[in-house]
């Protein structure tokens, strides 16, 4: 791993350089120290047209002084076989850091942050903050209290391997964090915990979970759903080491919770995606990454930007689970076989479902309600009707069928929630064709699903009289 490490010769920069060397040693990489010299101002505060010359025999050029300091810094660091070079440049530090990282193809930028009083940590340092926000590659911020080593002796042994906490939230910019962890695991044996914090009320509504639910303890249905999503998002990790999920509810500041969990788990490094909102967007939507950078005092944090699109065409999606809701009308039932057609070439799973609409309390995850609920007899009758819709050839096609009866809620919302809860790759449903106004909306239920679902929706039109 090729690492660029900016230095201003301060103790915090020295701590960052030592960690950079440890990381380079563990990954078979190299480190370059870079120091930016601010250009000297000419008369009236303007930059000189030409570099300033010597100002006297006893006062050597500033660049010579800075070069000597940089060389002394390199000699003082415990390189221990790691290739350690230096580079001196003139210009604004943030600009120099980003330009030099691109010039040498650095895999990672490692730099120190302010520690100590809360006020100092709040501003983080304009150079570090600007670098995290604008960098096109991962940036590792090292607070003074961070452990100096990521690869202790016996790193191949469980318990001695570095422990990495990866904070994900399901948004696209998390791809950068996953890319960094994959690259690190290719070079360094480490144990990885993927952390997913969730807001209980939000997830209960998304999944359509009803009845009295604990708002502070992990919910089995939520954690099962999010674990399934994480497995699909992460895929197989290269290299060696263990991996696990930590899926936890949160109500407070997520940045504070991430750092609390890092401390509780003894993590050596936190990795998360870098958000690059600018201007008013940064005020209206404060980034969790920025909060973590401001608050981290005892653990190093990598902020990895979302990778740039390389222009490659997206992969052809495959469907393994399809949700087929029906209102048991002729139009709704006619759409069910189309769900099986999507899986006909390779098999899969079809969830045939029906929503028995009835009012639920608000919020539905806080109260139990049996008013208007289906009786056992009515439930059995509806399930039998749904089972009769399964095509006889489904099993021969390698397709498994599940019958789902949803008792309560509005049909459109309940269908969308069921798709989330069941991890459906697509939804197939019928549209009613009763009049032009109705057609314009695709029907109240199908229209609601089309407009608001978070996955592909296939709408099977109704057959009118006269259609061939």
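Against the numbered list (1) farther than 23 Å from residue 220 by Cα; (2) modelled with pLDDT of 95 or more, residue 372 comes up short only at (2). Among residues that are in contact with a strand residue (DSSP E or B) (Cβ under 6 Å, 6 or more places away or on another chain) and modelled with pLDDT under 95, residue 311 is not included. Report the residue count in segment 368-388 for those that are touching a helix residue (DSSP H, G or I) at 6+ places or on another chain (Cβ under 8 Å) and loosely packed, with under 12 Cβ neighbours inside 10 Å. Of the residues in segment 368-388, 0 are touching a helix residue (DSSP H, G or I) at 6+ places or on another chain (Cβ under 8 Å) and loosely packed, with under 12 Cβ neighbours inside 10 Å.
Here's the yes/no breakdown for (1) modelled with pLDDT of 95 or more; (2) surrounded by fewer than 16 Cβ atoms within 10 Å (Cβ to Cβ); (3) in the same structural domain as residue 183 (by TED's automatic domain parsing):
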site: 2; (1), (2), (3): yes, no, no
site: 5; (1), (2), (3): yes, no, no
site: 12; (1), (2), (3): no, no, no
site: 45; (1), (2), (3): no, yes, no
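Regarding segment 355-376, can at least one residue be identified that is outside the structural domain of residue 213 (by TED's automatic domain parsing) and in a helix (DSSP H, G or I)? Yes. Note on segment 257-275: among residues that are free of Cβ contacts under 8 Å to residues at least 40 places away in the same chain and more than 15 Å from residue 143 (Cβ to Cβ), the one that is farthest from the chain's Cα centre (by Cα) is 264. Elements of the type helices (runs of 4 or more DSSP H) sitting completely within segment 215-295 and holding at least 1 residues that are at pLDDT below 90 and buried (at least 18 other Cβ atoms within 10 Å of the Cβ): these cover 288-295. Scanning segment 433-456 for residues that are crowded, with 20+ Cβ neighbours inside 10 Å and at pLDDT 60 or above, we see that the one that is farthest from residue 340 (Cα to Cα) is 445.
The values are calculated or read from the model by the stated rules, or taken from the named source; none is laboratory data. Predicted model only: the values in this text are computed from it and were never measured. A quick note on method: Cβ atoms are made from the backbone with ideal geometry, for glycine too, and the neighbour counts reach across all protein chains shown.
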